[in-house]
Amino acid sequence: METKLNTFIFILIIFFGFFLRFYNLDFENFWIDETVTFWIANPEFSISQSYKIHKSIELVPFLFNFIIKIYFLIFGYDFQISRYLPALFSSLSIITVSYISKEISNDRSYIFTSILITLNIYLIAYAQELRLYSTLFFLVSLTIYFYFKFENQKKKKFFYLYILFLFLTSLVHPFGLIVYISLIISELKFFHKKNIINIEKIFIYVVFGITVLIYYFFQSNESYLTPIWINPIDIKFFTNLYFSKFFGSRIIGLIYLLSFLILTIRFFHLFNKDKRLFFLISIFILSYLLPLLYGLMFRPILESRYIIFVIIPVIVIISYLVFQLHAFKRNLILTFFVVVTFINLTTEQTFKQFYKERVSYKHDFEGALKKISTSEINNYSISIDVEQKKLSKAWEASIQNYINFILKENNLNLSSVPYSNELENSWVICIHDLNQNKCDKIFRNRLKTLKLNRIDLIKIP
């Protein structure tokens, strides 16, 4: 009876998680980064054309954009369905991460894990973006899950499955290699306990590492390996390790961070005994350590979304260790975590939209175009002034591609004109992020300026 009840509760949680991620999925317009993915994945382009465009602007490897390209080939090229795949991957991650917990313990910690993953506002936010981070999270969760399945059952099919997903993880983003390095360290750490040399496993690990390193070596001139826009790490970072972003606020982040650290120290002996726990803590440590070392030697490279998968070991370890406590403490902590996490969610637009009008924070391209259509001037131009001038044309093409779909969807008859300092009788769409927030300084002879989300709409006589 208890098993059926647990299954029923788990299914309800999964449905709620899907609902949070898919509800009002297309309420907001694209971020400018999303316009890039949408443009590159145009199924009318050949694979070589898409890859060439990708290289001209992207800061990530090609794999995710290629997956989205296949998705559009199957279901049609439409911005209104574009976020469905990341939302699906994010939703399925609730199940995979929960089953990671289940592979470690037979208790009900997997239900607690599913609740924390379902209510995590950071994961919900990225589920509603046409970018790779929900996919990276999902692939990492599959890698860990099948690795644990192999460790528990020693079946070859699970070995090849976790190698497959580890390979995809490593190719979808360079930070996926952190999982591979964590795996190697875990294998070396526990090798002495078995004292058995598995030639096949060693061979596959070595070939895997060489293959991925060769791939990134030949991509070494790509900007995603040496981004210039990431700020150096400051002292404030070490007080929360992005937990304020991962869990929704400074206070909630501090609760998760302190709980994680206290429980890890309290049960530190378990990490030396359990290979699975050691693997999880290795992912956590190396996700910060390796990028920080890279930043010291070369240039800053650490961003919270690059290590979005850190949420997996944090939540799984907390869930597992809480269930090692006595019943009273365990129930108290479980209740506290669920309540504060849910209360934090109620402060976010994801929840507020159920009882009040939702507020948009992304670029309001659609609003800008509708305002232009109601004026006597129906010409518009896109202003882009980025530090790397060679990116300007690519940015303009990606945004114009997205605008064309908005115009078609809303039956708006507007004309695009080339941007120049001598522009006349036109509207200028000045995107804050692509003009170094200097929209107020262009075209002093403007008739008026309309302020929209992350966009200034400037009327030129």
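The values are calculated or read from the model by the stated rules, or taken from the named source; none is laboratory data. Values in this document were obtained by computation on a predicted structure and should not be read as measured data. Every residue, glycine as well, gets a Cβ built from its backbone with ideal geometry; the counts of neighbours run over all protein chains shown. These area figures cover heavy atoms from the full protein model, side chains too; ligands, DNA and RNA do not enter into them. Shrake-Rupley method; radii C 1.70, N 1.55, O 1.52, S 1.80 Å.
Quick notes on this one:
- DSSP loop GluC sites (Glu not before Pro) with at most 13 other Cβ within 10 Å excluded, longest remaining stretch of the chain: 45-356
- From the Kirkwood radius over Cα pairs of the range 415-458, Stokes-Einstein at 20 °C and 1.002 mPa s returns a whole-number translational diffusion coefficient of 196 µm²/s.
- All lysines inside 29 Å of K55 as judged from Cα atoms, apart from same-chain residues fewer than 8 positions distant: K69, K362, K389, K390, K393, K408, K438
- Using the empirical formula 2.2 N^0.38 Å as the baseline, the Cα radius of gyration of the range 290-348 reaches a ratio of 1.62.
- Kirkwood-based Rg to Rh ratio, the range 324-461, C-alpha trace: 1.23
- Residue-normalised convex hull volume from the C-alpha trace of the range 6-87: 113 Å³ per residue.
- Span-like helix ranges in the chain, DSSP H, alpha carbon extent 15 angstrom or more, Kyte mean at least 0.0: 2-22, 63-75, 84-104, 133-153, 156-172, 177-189, 199-217, 250-266, 275-297, 311-322, 327-346
- Relative intensity, log₁₀ I(q)/I(0), of the chain from a Debye sum that treats every alpha carbon as a point, q = 0.07, 0.11, 0.12 Å⁻¹: -0.40, -0.96, -1.12
- Net charge of neighbours whose Cβ lies under 13 Å from the Cβ of D26, counting Lys and Arg as +1 and Asp and Glu as -1: -2
- Once all protein chains are placed together, S90 keeps about 10 Å² accessible to a 1.4 angstrom probe.
- A helix-only calculation puts the chain at -19500 deg cm²/dmol for mean residue ellipticity at 222 nm, using -39500 (n - 2.57) for each DSSP H run of at least four residues, averaged over all residues.
- Of all accessible heavy-atom area on the chain, the percent that carbon and sulfur account for (1.4 Å): 63
- Å² of accessible area per residue within the range 278-327, as computed with a 1.4 Å probe and no ligands counted: 32
- Where trypsin sites (Lys or Arg not before Pro) fall in DSSP loop in the range 151-211, at most 12 other Cβ within 10 Å: K154, K155
- Computed over neighbours whose Cβ is under 15 Å from that of I95, the net charge equals +2, Lys and Arg +1, Asp and Glu -1.
- The range 253-324 - convex hull of alpha carbons, volume per residue in Å³: 96
- Taking the empirical scaling 2.2 N^0.38 Å for compact globular proteins as reference, the range 116-212 has a Cα radius of gyration ratio of 1.20.
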